[in-house]
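Beneath this line is the structure, given in C-alpha cells, with notes to follow.
All of the numbers you see were taken from the coordinates with simple rules; none came from a lab. These numbers were taken from a predicted model, which means no experiment stands behind them. Methodologically, a virtual Cβ is constructed for each residue, glycine included, from the backbone with ideal geometry; neighbour enumeration extends over all protein chains shown.
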Amino acid sequence: MTDRLTAAEVHLVLPDGAEVLTGTVASEGAVVSAANSLVFRYADGYLTDPRGYDLSPDMPRTGGPIRTWSGRDTLGALGDSMPDAWGKRIIRAGTSARTTFDFLTHVNDATRQGALRFRDVHGAYLGARSHPVAEVHDLGKIVAAARAFEAGEETDAELRILIDAGTSAGGARPKATVRNGGDLWLAKFARETEFHDPMAWEATALALAKAAGIDTPAFDLIRLSESQSILLSRRFDRDKGRRIGYISAHSLTTKGDDQTLSYSDISDTLAQYSPAPRDDQAELFRRIALSLLIGNVDDHFRNHGFLRDYNGWKLSPVFDLEPNRRPEQVEATPIVEGGERYGRDIRELRDAHDAFRLSYDEASALVRDVAERTSGWIQVALGYGISREAAEASRRAIDGPNRERALEMSANSPTATNSSRAKVSAQKRRGELGIPGNSGQWARSRNDTGANDLDA
C-alpha cells in the first residue's frame, strides 16, 4: 500500500488546443478509505496565464489549496472527469481502486470526458492505454462483456474490455466509448432486464429535439433484437480529436447535493457565464418545453452540460432524454425556485418567462412551436422500431394536458414583437433542415459562425 499513487499533475487542453499544467490534485484522508476527499492547488504559471480560467466556480484561481466543501462529494470540474456509477462498478471490480482519487485517475485517458488530463510525477498520463480505443464494430463484444458482468459471470478478458471502454460520462446504464469514422462516439445500451427498449425511446426523444430546433448531437440507433437497441451519439466534447472543456450544470451552479435546484438557477448561471446568454437562455427554455411535453423522466442537473469556448461556458448539445411511457406523474426539476416537482404545468414555464429573458409573447410562441413540431412523435417512435402497441400505450403520457395547453397558447399574438416571430422562424428552419449545431463550434472564435452538419 505504501506505493499507492496519491497525487497527480492536472493538465488542461485550452480552447486554442494548447495543453498546459493547471495544478495538482491529491488524495486527502486515509489512503485506504473510500471516504477520503480531494485537495487541489493551482500551478503558479497557470494563475498568471492570460488564457487561464476557473476550472469550475467552486475552483476559483487562487494560490491556496481548494478542498471539497459540505454538501459536495468532490470538486466540480474534477467530479465531471470521474467515472459514473457504471464506470465505478467496473473499475472497482477490476482494479484495487477504492478512493475518490483512485476513481479519478483510473478512467481511460483517451476517452475521459472534457479537457482535463492527469499525469504522474514522471510525466506519464494516468489512465493511458497501450492499445487504441475500440471501434464501433467491437460493440458486440462490449455488450456481451457487459451482460456477463451484470450476471456476475465475466471473465478477466471481458472485464478488461469494459475497463478500457468505460467512460466518465454520467449515468448508471451500461455504456462505452468507441471510434466511429475517426470520431469518438458514446454507445449506450439497456440493462438485460429492461425490455421496453429505452434506447429506442431515447433516440425518439433526440429526433424530436432536433425537429424542435434544439442543438442535438449526431446519433444513430443499432438494433440488437426486437426489444433492445444500442444508442450511438457523437461525443460533443471532442472536435477532430481535440478535447473541449466540459462541466455539468450541477458543477456550474455550485449548489450542494442536498439543495433543490430549479431551471431558473441554470438560467441565472447562464447570465453569468455564457458568452451569449440570451441565445442560451432561449435554448434552455426550448429544452424545458420539450421535457415537459414528453414527460422526460431523466431530468436533473447532471443531464445538462456546458462546453468551454474562448469567452465562457456555453450550453452543450442536449443529451439523456427519456420520454415518460406511463401516465403517472413524473418527479423532476422544478421550473422556478419553490415550484412543483410533480406534474409540472407548462403554463408555469410560460409564466416564468422573465427568468429566461423572454417576453410573455415570446415564451408563448416558443412553447407552442415546440408542441406543434413534436406532435408527430408517434410516427417517429415507430420509425425507431417501437411497436404500435407500446407507442399507443404512451399516448396518455405524451399527448397529455401539457400538449393541449401548449397548443392553446398564441404563437401570433398581436402584441408579439417582430424579433419574437423571427426567432421562432429561425429556430423552425434550423430544425427542419436538420442543422443541430457543431461539436467544435464552441472552441472557436465567436467571430467564426460557420457550422458543420452533424447528421449521422
Report task. Could you list the trypsin sites (Lys or Arg not before Pro) in region 33-140 that lie in coil according to DSSP, counting only those with at most 15 other Cβ atoms within 10 Å of their Cβ? Result -> ARG51, ARG129
Query raised in the report: What list of ³J(HN,Hα) couplings, whole Hz, do you get for region 93-100 from phi and the Karplus terms 6.51, -1.76, 1.60, once you set θ to phi - 60° and write x for glycine and proline?
Result: 6, x, 9, 8, 4, 9, 9, 4
Report summary line: Sorted by chain and number, the residues with a modelled amide H under 5 Å from that of GLY23, at a separation of 5 or more or across chains, are VAL10, ALA43
Requested in this report: For region 232-339, calculate the relative contact order in percent as a whole number, restricting contacts to Cα pairs under 8 Å that are 6 or more residues apart.
Outcome: 35 percent
Query raised in the report: Using modelled amide H (1.01 Å from N, peptide plane; none on Pro or chain starts), what sits under 5 Å from the amide H of GLU337, excluding residues fewer than 5 places away?
Result: SER264
**Report entry** Mean Cβ neighbour count within 10 Å, used as a protection proxy, ranking 352-358, 291-297 highest first
**Finding:** 291-297, 352-358
Query raised in the report: Using a Förster distance of 45 Å, how high is the FRET efficiency between GLU340 and ASN311, based on the Cβ-Cβ distance and rounded to 0.05?
Result: 0.80
Query raised in the report: Hey, got a sec? Which chymotrypsin sites (Phe, Trp or Tyr not before Pro) in region 148-235 land in a DSSP loop and have at most 15 other Cβ atoms within 10 Å?
Result: PHE195
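Applying a 10 Å radius around every beta-carbon, put 133-146, 313-326 in order of their mean neighbour count, most first.
The densest-packed peptide leads the list: 313-326, 133-146.
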Requested in this report: Within 10 Å, count the other beta carbons around each residue, average over each peptide in 301-309, 259-267, and list them highest first.
Outcome: 301-309, 259-267
Report summary line: Between ALA393 and SER130, Cβ-based FRET efficiency (R0 51 Å, step 0.05) works out to 0.55
Report summary line: Computed ³J(HN,Hα) along region 282-293: with the Karplus parameters 6.51/-1.76/1.60, θ = phi - 60°, integer Hz and x for glycine or proline, the list is 5, 4, 4, 4, 4, 5, 4, 4, 4, 4, 5, 6
Requested in this report: State the extension gain, in nm to one decimal, for the chain segment bounded by ASP279 and GLU194, taking 0.36 nm per residue of separation less the distance between their alpha-carbons.
Outcome: 26.8 nm
Query - Amide H contacts under 5 Å for TRP313, placed H, 5+ residues apart - result: SER274
Requested in this report: Mind scanning LYS255/LYS314; LYS88/LYS240; LYS141/LYS175 and naming the pairs with a C-alpha gap bigger than 21 Å?
Outcome: LYS88/LYS240
Query raised in the report: In percent, how large is the relative contact order of region 7-119, given Cα pairs closer than 8 Å and 6 or more residues apart?
Result: 28 percent
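Please compute the length gained on full extension between LEU382 and ALA93, using 0.36 nm multiplied by the number of residues separating them and subtracting their Cα-Cα distance.
Contour length minus the Cα-Cα distance gives 100.2 nm.
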Query raised in the report: Where in region 230-293 are there trypsin sites (Lys or Arg not before Pro) that are in a DSSP coil and have at most 10 other Cβ atoms within 10 angstrom of their Cβ?
Result: LYS240
